[in-house]
Amino acid sequence: MPREALTFDNDAIAKVLDEIADLLELKGENVFRAVTYRAAARSIRDLREPLAKLAQEKRLKEIPKVGSSVGEAIEQIIATGRSTRHEELKAAVPPGLLTLLRVGGVGPATARTIYDHLRITTIEELEEAAKDHRLQQLPKIQAKTEENILRSIAALKQRTGRSLLHEAKAAATSMVEYLRAEDGVERIAIAGSLRRYKETIGDIDIVVAADDALPIMETFVRAPSIERVLARGDTKSSVVESRGLQIDLRVVPPASYGAALLYFTGSKEHNVRLRGLALRRKLLLNEYGLYRVGAEERGQEIASATEEEVYAALGLTWIPPELREDHGEIDAAQGGALPKLVELADVRGDLHTHTNWTDGRDPLADMAKRARAKGYAYLAVTDHSPGLGMTNGLSLDRIQARIAEAAKLNGELAPFRVIVGTEVDIRANGNLDYPDEVLAKFDVVSASVHSSFAQPREAMTARINGAMRHPLVTAISHPTGRLLEKREPYAVDLDAVIDTAVETGTWIEVNGGPERLDLPDTWIRKAAGRGATLVVNSDAHAIEELEWMDLGCGTARRGWATAASIVNTRGLEAVLAARKARR
DNA sequence: GCCGTTTTCGGCCCGACTGTTTTCAGTCG
């Protein structure tokens, strides 16, 4: 078996199937064929067992949407690292067409038209053509489409190639566990932007305290998940792991651990302010410790073993990593005025989740049991309304069935409570996707925008404000609609949205989904500062994704949010009362 | 290409929206 075949995990195989789907569409084959490949890719991503194992046990056909053709392709990829179908398609479709698909608003048909007439195969050529107004000379493309293409390209270029929080966290955690097992590792921690819960991550920083750095460096660069080594030194090494993430490891003596952790956690701006503060006290702060100027020899530091003692030596209380952005946290720490930020442990329940009745993966019973196992007191299931065609939104019959199912679960899981809510679509005209008599059946109603993202700012603001003024709406979900690294937020006046939220008592969601992390932290700070009520949710579509509550809490902390400003740190009775008071 | 207590063939999930159109194709979720 070729070595590369071993590295084909479920995700990599799903990626190939997705690309086959794209190629089939570009080639103009039966769209349902493409749909099937895409559906198969999705069910593979949802699998909890490795495909290689299922293949070995001849159980591939148990996977939804995997039949003889897709099954054969999977077996081929596992055995040889490639699929004949994939190779043939790639040979049949002009190179570069796949690239054009990356531009938002450009699908197979548009890509085809552009290629057929202009032979364009790269984003750069596409941008040139759009700027020269050559696109609008093509059939079915006019000035407006050309503008949209240019805007999509601009957004594409803006992408920094940063990783989403959950991906970076998974890669970092597995490396930390791997290194922790090494002899001589006294302490180890994730530092950098990941420790600060920044919404996207450039690279991963890990700090280790050990007396002898060399064997740890050796173990690090030999980790099985490593693709290539960028730099390798006595105390610092950098590698790229299999998913393309860069990991920097820094090993320091145990006595310097606190100073090193502080230094490598950043942010840079926070560190600069701290070092300035130190200088005014005739002190020098670096990654080894805090020293009197001119006495920066090892062993003469004033403070360095823990972050707390370094901060204390500078006249500050310990500052939570999420606040270290030089956004006023240093002044607050000097005055002892830092807020007590919300912690995951403060959260009593999740109020935005989906099940396999719409676009989620797992049944309600599984979601509820996992939520209870997490220590929550309650869970709201908020499947979609029918307006979103793809997500198979709930009809009135199914809502009744859901309410009955929840009642039954509540009998089994007491005192844990499942409540039935909805994530109702706010249509383009501002109407909600259920009539009032249906909305009245739900315990919580989250309203959200899933369409017509290009509306003018005034229209979008009126649309969202209108939904918040509806007496049966409890919360506004993912208020900016952004998808990190993928889609810009829509134009909306968030100041006005926050005002309306305060005025009507509507909760503003902090969506913990790593693609969203919406509301963004700067707005969380404004919202909480103005007395808005927040709700932190996972927006889980599978049981594991309930863990995304952690990311939502991290984002809330970046927005300086306390437990008191967040409704689901309270018990269910208080939550329902808050909802009722809002009507 | 997959799938079936209606079907082994003929459907497939589908609605909203946009921009192009003059009744609809393309894209998105």
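Once a ≥ b ≥ c are taken as the square roots of the eigenvalues of the Cα gyration tensor of region A:433-583, is the result rounded (a/c under 1.5), prolate (a/b larger than b/c) or oblate (a/b not larger than b/c)? List each step's numbers first, then the result.
Working: a/c = 1.25, a/b = 1.01, b/c = 1.23.
Rounded, since a/c falls under 1.5.
Once you have a ≥ b ≥ c as the square roots of the Cα gyration tensor eigenvalues for region A:323-382, tell me rounded if a/c is under 1.5, and otherwise prolate or oblate according to whether a/b is larger than b/c. Let's see the in-between values first.
On the way: a/c = 4.97, a/b = 2.81, b/c = 1.77.
Since a/c reaches 1.5 and a/b is larger than b/c, the shape of region A:323-382 is classed as prolate.
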Checklist entry - What percentages, rounded to whole numbers, describe P(r) for region A:346-501 computed over all alpha carbon pairs with 10 Å bin width beginning at zero? => result 11, 38, 34, 16, 2
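Which order do peptides A:324-336, A:9-21, A:96-108 fall in by mean Cβ count within 10 Å, highest first?
Numbers: A:324-336: 16.0, A:9-21: 19.3, A:96-108: 17.6.
By packing density, highest mean first, the sequence is A:9-21, A:96-108, A:324-336.
What value does region A:87-164 have for Rg/Rh, both radii from Cα atoms and Rh as Kirkwood defines it? Working shown, then result.
Values: Rg = 12.7 Å, Rh = 12.9 Å.
Rg divided by Rh gives 0.99.
Pop the C-beta distance of A:E177 and A:K580 into the FRET formula with R0 = 56 Å and round what comes out to the nearest 0.05.
Values: r = 46 Å, r/R0 = 0.82.
Here the calculated transfer efficiency is 0.75.
Calculate, in nm to one decimal, what A:L118 and A:V272 gain on full extension: separation in residues at 0.36 nm each, minus their alpha carbon distance. Spell out each step's value before the answer.
Numbers: separation 154, 0.36 × 154 = 55.44 nm, distance 5.14 nm.
Using 0.36 nm per residue and subtracting the Cα-Cα distance, I get 50.3 nm.
Going through the cross-link list A:K131/A:K157; A:K198/A:K526; A:K131/A:K486; A:K15/A:K61; A:K131/A:K198; A:K61/A:K169, which pairs have a Cα-Cα distance over 27 Å in this structure?
Numbers: A:K131/A:K157 15 Å; A:K198/A:K526 18 Å; A:K131/A:K486 22 Å; A:K15/A:K61 19 Å; A:K131/A:K198 35 Å; A:K61/A:K169 33 Å.
Too far apart for the 27 Å limit: A:K131/A:K198; A:K61/A:K169.
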Checklist entry - What percent does the relative contact order of chain A come to when contacts are Cα pairs within less than 8 Å and at least six residues apart? => result 9 percent
Item to check | Segment A:L413-A:A373, extension gain: residue separation times 0.36 nm, minus the distance between their alpha carbons | outcome: 13.3 nm
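If the viscosity is 1.567 mPa s and the temperature 4 °C, what Stokes-Einstein diffusion coefficient in µm²/s follows for region A:1-74 when Rh is the Kirkwood radius over Cα pairs?
Calculated translational D: 104 µm²/s.
Order of A:I419, A:I149 from fewest to most other C-beta atoms within 10 Å?
Details: A:I419 20, A:I149 24.
The fewest-first ordering by Cβ neighbours comes to A:I419, A:I149.
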Next on the checklist: Out of all DSSP beta bridges in region A:417-561, what portion is antiparallel? Express it as a percent rounded to 5.
Outcome noted: 20 percent
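Counting helices only, and only those DSSP H runs with n ≥ 4, report the 222 nm mean residue ellipticity of chain A as the sum of -39,500 (n - 2.57) divided by its residues, in deg cm²/dmol to the nearest 500. Please report the intermediate quantities before stating the final value.
On the way: 25 runs with 255 residues, N = 583.
Mean residue ellipticity, 222 nm, calculated: -13000 deg cm²/dmol.
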Checklist entry - What is region A:424-563's relative contact order, in percent, from Cα pairs under 8 angstrom and six or more apart in sequence? => result 19 percent
Checklist entry - Once the Cα gyration tensor of region A:131-190 is diagonalised, what are the square roots of 5 times its eigenvalues, in whole Å and ordered largest first, as equivalent ellipsoid semi-axes? => result 51, 9, 7
Next on the checklist: Given an 8 Å cut-off on Cα distances and at least 6 residues of separation, report the relative contact order of region A:114-181 as a percent.
Outcome noted: 21 percent
Item to check | Partner lysines for A:K369 [C-alpha distance under 21 Å; skip if fewer than 8 residues away on the same chain] | outcome: A:K408
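What's the long-distance tail for region A:121-280, i.e. % of Cα pairs beyond 30 Å?
On the way: 4712 of 12720 pairs.
Looking at region A:121-280, the distances longer than 30 Å represent 37 percent of pairs.
Every number here is computed from the coordinates shown, using simple stated rules; none is lab data. The structure presented is a predicted model; accordingly, all values stated were derived computationally and were not measured. Virtual Cβ from ideal backbone geometry, glycine too; neighbours counted across all protein chains shown.
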